[in-house]
Structures are given as C-alpha cells and as structure tokens.
1. Grab the DSSP H runs of the chain that are 4 residues or longer, score each as -39,500 (n - 2.57), total them, divide by all residues and round the 222 nm result to the nearest 500 deg cm²/dmol.
2. Given R₀ = 35 Å, FRET efficiency for ASP65-LYS351 by Cβ-Cβ distance, to 0.05?
3. Ratio of Rg to Rh for segment 345-388, alpha carbon only, Kirkwood?
4. Which residue, SER176, SER372, SER352, has the most motion in a Gaussian network model of the chain that connects Cα atoms within less than 10 Å?
5. Compute the relative contact order of segment 1-93 as a whole-number percentage, counting only Cα pairs closer than 8 Å that sit 6 or more residues apart in sequence.
6. Cα axis of helix 375-386 to longest principal axis of the chain: angle in degrees, 0 to 90, nearest 10?
7. Once the Cα gyration tensor of segment 149-211 is found, what semi-axes does its equivalent ellipsoid get, as square roots of 5 times the eigenvalues, in whole Å, sorted largest first?
8. So for segment 255-388, taking the charge dipole from beta-carbon charges (+1 Lys/Arg, -1 Asp/Glu), which of ASN297, PRO354, MET379 sits furthest toward the positive end?
Amino acid sequence: MKVLSINAGSSSIKFKLFDGEVVLCDGVYERIGEEMSEVTIKCAEKFEEEVVLQNHKEAVLHLIDKLEKLNICKLDEISGIGHRVVHGGEKFTESVVITDQVIEEIEAVSGLAPLHNPANLTAIKEFMEAVPNAIHVAVFDTSFHQTLEPESYLYSIPYSYYEEYGLRKYGFHGTSYRYITEEASKMLGKPVEELKLIIAHIGNGASMCAVKYGKSIETTMGLTPLAGITMGTRCGDIDPSIPEFLAENAGLTIQEINKIFNKESGLLGISGLSNDRRDLEAAVDNPRAQMALRRQNRQVADFIARYFVSLGGCDCIVFTAGVGENSENLREYVGNKLSVLGVEIDREINKSRPKNTFISTDASSIKVAVISTNEELMMARDVMKLSK
Ligand code: ADP
C-alpha cells in the first residue's frame, strides 16, 4: 500500500512516500512565499530546483506535478495520505479520516494555531482534489495529550477564559511521542499498558512528555509550542509579566514581543551566537554559549525529575529528535544530574553515536535510551490502520 505523509509548516512542506513501512521517496519544499523557494526530492536520484512558489497551494501543485513527471508514482497508485495538523483543540483525541465536517472542525480551532493550521488545510484541500480516491487522514500534534487531567492542563487564570476561548495547555509533538512509545515498548519487551516513560523530544523545537501506560499525563508545551523548556529560538516558560514590562520599557508592540519570544530567544537569545547546539557546543570558550547550553540541559534534567514523581517511577528515559539523538553533551549532563536518582549512563556508549539503543549501564536504576523519532512513519501507520 502506497501512503504519502505530508507535513506542511508555516513556510515549508515536507513529504515522505511509503510502500508499507519502506520509504520510496522523500523531499522538502522550503522558503515558500519568499522570493525563491527551494525544492529537494530524494528518490533513486536527487532532484533539486529553485522556483518561485508564492504560497502553499502552488507548492502542493508543484509536488503533485513532480510525483508523476519524475516517475515517482502515479497519483492513482496512492491509497492514502496522512496530513499533519498542528492544532486539533479539544475536538480531536486521535487521528481521523478527513470529511467535510472534519475540515470545518479544523477551521474552527485554527485561531489556536493561526500560522500552521491554514497551511495544513491548504495542503489537505489540494491533495483531496488531486487524489480523490485515496483515504485522507488528519494526524494532530495535540491529540496524544488530550488525556491530560484538568490539574495539568488548566492555567490559573479565570476559568471563563478556558470556557470561552479554550485557553489551556494542549501540548505538541504528540505524533513523535506516540511513535517513541511504540518503539520503546518493543525495545523494552514490555507492553505499552505497563510502561512509564519520560520522553525528551529535543530538536530546534523542544518539549518533554510523561507517558503512563500509553497515555500522556504531563507535557511541557502549552496553548502553543512557545511554552516549556528553552528551545533553539523560543523562550519557553517565562514570567507572564515580561510582555507588559517590555511594552512599557522597550516600547515594543505585542506582535514584536511575540516575534522576539518565537524567533530571537531560547539558545539564540541567551548565547547571541546561534540557535544550533552544534555551534554552541563548539564554542567552548564562549561563556554565553556555554550558559545557554547549561540552561537547556538543566531544564531537561529538572523536568525528568519532576515527571519521575508525576509518574510514580519510570521504566525508561528516552532522548529523541535532532539534539536528543545527537548531543552527547546534553545526555551526559542529564545523566550526571540524575545520578541522585540512581541513573547511570555508560559514557562510552553515549559517545558512540548511539541509535535505537540503551545508553544506561546495567546498574542504572532507570533505563536510558536514544531512539530516532519518525513522525512521518507514525502518520503512515495511522493511515494504514484507518484504511482497514
Ligand atoms: P525541528 O524538527 O524542531 O526543526 P530537529 O529535530 O530536526 O528540529 O533538530 C534540529 C536541531 O538538532 C539543530 O538545530 C541542532 O541544534 C541539533 N543537532 C543536530 N545534530 C546535532 C549534533 N551532532 N549535536 C548537537 N545538536 C545537534
């Protein structure tokens, strides 16, 4: 069964074409809406092009055209398409087959993710028109966290704002957490229903999740993906009075402040150097770069300790995503910090570019693993499940 996974971001579209679980082709459209967009498609051969794509609709039509023209596959061979949708509000607790009503419901919650949901919807509508016989499935970043309890998801502001506007913690990266939960269960040889996991999805965007018996019970991101731990360019949790302070003292508008918190903060903001941990880890003599790293490292360790209590114990701590999978610096710091809980990381294994393996010693009180996330494959699995 050929399945396409589509991940439409605010200025990019990533895709992967699967036959079952085998990847046939993948690619990315970047800088959509800018002067020149960049297209990269990797199959047996690599195709690269710079082209003017004014919006997501043009990018989707370009991709649909290329799938056939590059002989990747005929559109009518595609049996299903999984579409990533960033925000599902409280409406969607799992992936669903897309109908007109589902589109209306996604539109209804789009105010919660105004940069992302409209891009997701454009891709959905174009693909539904171009490939009408395929099953189209919406896969939400938020749905996995709909199991949070009110004491975890409510903000301590007047309850009417929750009732009227849906202001609450939703959490994101849910597709990654579901994938990691399934893979960790296989690695540990224990059913999901018996597992307590703490997962650190640390990439440019970063969040963490406590998964108890297959259900998310705590997560760091909030109403939007701006909350939680320090990220590449996002600030994570800060004192809620800071926007007012900046408005009054720096003369900034709410929109400017929001841009600063999203694009100029986090590791980049503290270091003044880069949002990329590779640059900061290389800058050993730069005190601000090292401070930015220590801040993110410490937050990861602190949330693990907190979630250990929330879960009432833990079978395995999993590191995933760009930083989690690649940064021995982060994992070593966290391992050392958690030695108070009896955690022990094997330093040699940690240094050896571990992939889908345990990095803890036999003596460690909690297993620690590095698992590569694969959100596109999780989306394809959802499509295959729903098409049965
Ligand atoms: P996102 O999906 O949020 O854009 P990714 O999960 O792709 O992010 O992670 C990208 C980040 O991974 C980069 O910004 C970089 O900081 C980090 N990264 C990649 N390789 C390494 C490495 N070898 N060491 C440290 N960090 C790395």
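1. Numbers: 15 runs with 152 residues, N = 388.
Helix-only estimate at 222 nm: -11500 deg cm²/dmol.
2. Values: r = 46 Å, r/R0 = 1.31.
That gives a FRET efficiency of 0.15.
3. 1.25
4. Per the Cα network of the chain with a 10 Å cutoff, SER352 tops the list.
5. Numbers: 161 pairs, mean separation 25.1, N = 93.
With pairs under 8 Å counted, the relative contact order is 27 percent.
6. That helix lies at roughly 60 degrees to the long axis.
7. Working: eigenvalues 173, 39, 15 Å².
Taking √(5λ) for each eigenvalue gives 29, 14, 9 Å, largest first.
8. Towards the positive end, the residue furthest out is MET379.
Since every read-out is calculated from the coordinates, none of them should be taken as a lab result. Values in this document were obtained by computation on a predicted structure and should not be read as measured data. We place every Cβ from the backbone using ideal geometry, glycine too, and count neighbours over all the protein chains shown.
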